[in-house]
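Structure first, then comments.
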Amino acid sequence: MVSIDEIKRPILGKSQSVEALKKMITRVAASKTNILIIGESGTGKELVARALHEMSPVASGPFIAVNCGAIPETLIESELFGHKKGSFTGAHVDKPGLFEAADGGTLFLDEIGELPLSMQVKLLRALQDRAIRRVGANDTIKIDVRIVAATNKNLEEASKKGTFREDLYYRLNVILLETPPLRDRVGDMELLTEIFLKKFNDKQKRSITGFTPSAMEVMLHHRWPGNIRELENVMERVVTLESSNQIQVNTLPPEMVVAARKAAGISREFTLRSNFIMGPMDLEKVLQEVRDFYKREAMLYTKNDEEAAKKLLGL
Ligand SMILES: Nc1ncnc2c1ncn2[C@@H]1O[C@H](COP(=O)(O)OP(=O)(O)OP(=O)(O)O)[C@@H](O)[C@H]1O
Ligand SMILES: [Mg+2]
């Protein structure tokens, strides 16, 4: 069997949360239990599903991915279970569904939280019986598939609210894997940017060496709502736009820079506040330290150009 270090598209990251995820994947890939993957958009849920398949005993079988949110409600039953000729207008031939297509392999039910309630009952039935019935058919067909489902919704909450069946939730959630958001693993930023930089340098015949310290600062403060997908897009964009051999702050998307400055401002406020909480302070001493700090920074930034440093400091 294939190990996690041999999969086609590696799961990148060295942070604790990614290492823990990879360990879990290794532990559960060999079994045929249902797996639920939860995580924000762009955190690699599909990547993990593919890894689970490649590392499983059914790796030589098909891997079929279906986006439950992208199929109209009226078609989804026939998509998943197939239909018999003449069972509805437009059903001109007998057609197998995705369950049958995935027989002997893995069926990846992406965005499972979008599945309409009426379909959730039928899916639960199929999982319990390990068999499906094509739309319009009388007989059932035995199916042997490994089910991996994914969602960026809180299904536990949805099941309490009644928009997702609790019994289906428990059926899918035999093993739960969580893909961590990028902002919770900023320790991986250096590694990830290096890998994407190499990829886009190669693709665009460039030789950009890295980020200026302040540009990296912005990258580290950004919230990355689109996670790795967003990071990859930003990297492609900056490699295209950067004219020097180092990525400058001004090459980053402006909205990212603005947001990062705000976040940095807030964290500065917190630092100052915690100083205050720690007890009686010497205000003059602290102010002098701040002055000295920014003077040194400005001199470093301007490579010891005193005039330029004064200008930067607004003196
Ligand atoms: N840990 C990772 N290592 C390498 N690439 C990653 C990682 N996580 C995500 N990616 C890449 O980011 C992109 C998005 O990943 P993927 O489609 O698996 O995310 P997702 O969680 O399914 O997102 P969505 O909920 O939006 O469908 C892909 O190009 C994928 O290869
Ligand atoms: Mg996805």
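Readers should treat all values here as calculations from the given coordinates under stated rules, not as data from a laboratory. None of the values given here were measured: they were computed from a predicted structure. Glycine also receives a Cβ, built like all others from the backbone with ideal geometry; neighbour counts cover every protein chain displayed.
Below is a table of values for the structure above.
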| item | result |
| --- | --- |
| Segment residue 287-residue 240, length gained on full extension (0.36 nm per residue, minus Cα span) | 12.7 nm |
| Euclidean distance of C-alpha centroids, region 10-58 and region 166-181, integer Å | 13 Å |
| Between region 195-217 and region 226-268, the alpha-carbon center distance in angstrom | 12 Å |
| Relative contact order (%) - the chain, alpha-carbon pairs under 8 angstrom, separation at least six | 18 percent |
| Among the listed pairs 95/142; 22/199; 32/95; 8/199; 45/153; 84/122, those beyond 19 Å (Cα-Cα) | 22/199; 32/95 |
| Projected-area average for the chain over all orientations - Cα convex hull basis, square nanometres | 23.0 nm² |
| Computed lengthening from residue 255 to residue 209, 0.36 nm per intervening residue step minus Cα-Cα distance | 14.2 nm |
| Top positive-direction residue, dipole computed over region 183-281 with Cβ charges, set 227, 197, 251 | 251 |
| Charge dipole (region 143-186, unit charges on Cβ, about Cα centre) - positive-most of 186, 152, 174 | 186 |
| Point-charge dipole on Cβ atoms (K/R +1, D/E -1) for region 16-180, about Cα centre, debye to 20 | 360 debye |
| Gyration tensor (Cα) of region 16-180, equivalent ellipsoid semi-axes in angstrom | 27, 18, 13 |
| Sites residue 311 and residue 17, calculated FRET efficiency, Cβ-Cβ separation with R0 51 Å, nearest 0.05 | 0.75 |
| 222 nm mean residue ellipticity, helices alone, for the chain (DSSP H n ≥ 4; -39,500 (n - 2.57); rounded to 500) | -15000 deg cm²/dmol |
| Rounded tilt (10° steps) of 283-301 against the dominant C-alpha axis of the chain | 80 degrees |
| Nearest-20 debye value, the chain charge dipole, Cβ charges on Lys, Arg, Asp, Glu | 340 debye |
